[in-house]
Amino acid sequence: MTAADATGSDEAEYRLAHLRDRLADDEVGELGLRIELHGSHVTVRGTVPSEERRAAVERIVAEVMDGLKVHTDIVLADDRPPTWAEDLP
Amino acid sequence: MIRVAAVGDIHLGPDSRGLLRPAFATLDELADVLLLAGDLTRHGTPEEAAVVGEEVGGLPVPVIAVLGNHDYDAGRPEEVTRILASHGVQVLERSSTAVRVDGTLVGVAGTKGFGGGFAGRSAGEFGEPEMKAFVRHSRECADGLRTALDRLAAEGCDLRIALTHFAPVPDTLAGEPTEIHPFLGSYLLAEAIDGAGADLALHGHAHLGTERGLTACGVRVRNVAQPVIGRAFAVYRLHPPVG
Ligand SMILES: [Fe+2]
Ligand SMILES: [Fe+2]
């Protein structure tokens, strides 16, 4: 098999590594997501500050991991003030 | 009793303008001071720093911050610091400040901190210049934190808080893959905190971590990364020692 033929999970691992770089780039700047490869499935979970950022992450993951099944569980940051305080005696 | 509000990793940019302001506007009822644990922006550009400044500018409580790795990404941390300062935010880096709340003098010592890992599994200042520079930066941040905490003690602070971006202990990293712990914090920060003493240590950076931890010598550690605390900010009630 030549390098150009390389497909399957080995190659997907490299794509996953490059995905992290893509996500850290100018557009989204997200380093705090947990991205894992499970055979032909990719899971992405974490918290992002805005709907725009979530859409950008989902678009980039789908683009870079094209051909694999992508499952995302990305929640939006909760911007409400706390309803309690922790007492530190 | 002193109420400390804290949050890190808000990662603001032009698309998140105004999102946190309504919560921060409630601070006068909830807290006496707001501490920001770094990663306030996505890439540390002046535009993003201005968004942060607008979100926290003119609040009824003092705002004290450290920067995070994201705030260094564009290579303009001094500019970010200047823009935040123009909105009344005091940015600490191996330095300290003290605010008086009623009769209590509350000191905050801050540094971004850096990685390297935790006791028994950490990088050493050995080998290639790149490796030495990595570990040296972490050590210099920790040394600066210790000096700043010592200074606060000498100034007679009733309460002292250590504010960092990187984590001082692995406890609050639970949920992060262990393989990346050396990029999330350094035991050198905890050693500095334990050496100088502190009433509370706050950090961010570990978005997938957990909120509560403890240093070897019993200083309470809280990871206030916004994804971890799940709110606009957390509030901690501290009690100055009596007598
Ligand atoms: Fe962050
Ligand atoms: Fe960070």
Q. Within the range B:23-35, is there a residue that is under 18 Å from the mean Cα position of the chain (by Cα), of a type in the set (V, I, T) and within 15 Å of ligand 1 (Cβ to nearest atom)?
A. no
Q.
Looking at (1) out of contact with any Pro (no Cβ under 9 Å at 6 or more places or on another chain); (2) within 16 Å of ligand 1 (Cβ to nearest atom), which one does B:S86 not meet, given that it meets all the others?
A. (2)
**Q.** Residue that is surrounded by the fewest Cβ atoms within 10 Å (Cβ to Cβ) [pool: residues in the range B:1-14 that are more than 13 Å from the chain's Cα centre (by Cα) and either over 18 Å from B:V80 (Cα atoms) or within 16 Å of ligand 2 (Cβ to nearest atom) (or both)]
**A.** B:M1
Q: Working carefully through the options B:T172, B:T178, B:T164, B:T147, find the one that is closer than 30 Å to A:R54 by Cβ and surrounded by fewer than 20 Cβ atoms within 10 Å (Cβ to Cβ).
A: B:T178
Q. Considering A:V42, A:V48, which residue is facing chain B (nearest Cβ under 10 Å) and modelled with pLDDT of 85 or more?
A. A:V48
Q. B:V101: surrounded by fewer than 23 Cβ atoms within 10 Å (Cβ to Cβ) and either closer than 16 Å to B:G185 by Cβ or among the acidic types (D, E) (or both), yes or no?
A. no
Q. Considering the range B:202-233 alone, what residues qualify as being farther than 15 Å from B:A174 by Cβ and away from ligand 2 (no atom under 16 Å from the Cβ)?
A. B:T215, B:A216, B:C217, B:G218, B:V219, B:R220, B:G230, B:R231, B:A232, B:F233
Q: Can you give me the number of residues within the range B:212-242 that are in a helix (DSSP H, G or I) and within 7 Å of another protein chain (Cβ to nearest Cβ)?
A: 2
Q.
Here's a check for you: in the range B:31-45, which residue that is more than 12 Å from ligand 2 (Cβ to nearest atom) and over 11 Å from B:V80 (Cβ atoms) is nearest to the other protein chains (Cβ to nearest Cβ)?
A. B:A31
**Q.** Test: A:L19 is within 13 Å of the chain's Cα centre (by Cα), more than 14 Å from every other protein chain (Cβ to nearest Cβ) and modelled with pLDDT of 85 or more
**A.** yes
Q) Where in the range B:63-178 are there strands (runs of 3 or more DSSP E), lying fully within it, with 3 or more residues that are among the small types (G, A, S)? A) B:95-101, B:104-111
(Q) B:S86 - would you say it is in contact with a strand residue (DSSP E or B) (Cβ under 8 Å, 6 or more places away or on another chain) and modelled with pLDDT of 95 or more? (A) no
Q | Test for B:T172: is it at pLDDT 95 or above and closer than 13 Å to B:H205 by Cα | A | yes
Q. Residue check, B:D194 against (1) touching a Cys at 6+ places or on another chain (Cβ under 6 Å); (2) closer than 29 Å to A:T47 by Cα, all met but one. Which one?
A. (2)
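The values are calculated or read from the model by the stated rules, or taken from the named source; none is laboratory data. Fair warning: this is a prediction, and the values are worked out from it, not measured in the lab. Please note: Cβ atoms are built from the backbone with ideal geometry, for glycine as well, and neighbour counts cover all protein chains shown.
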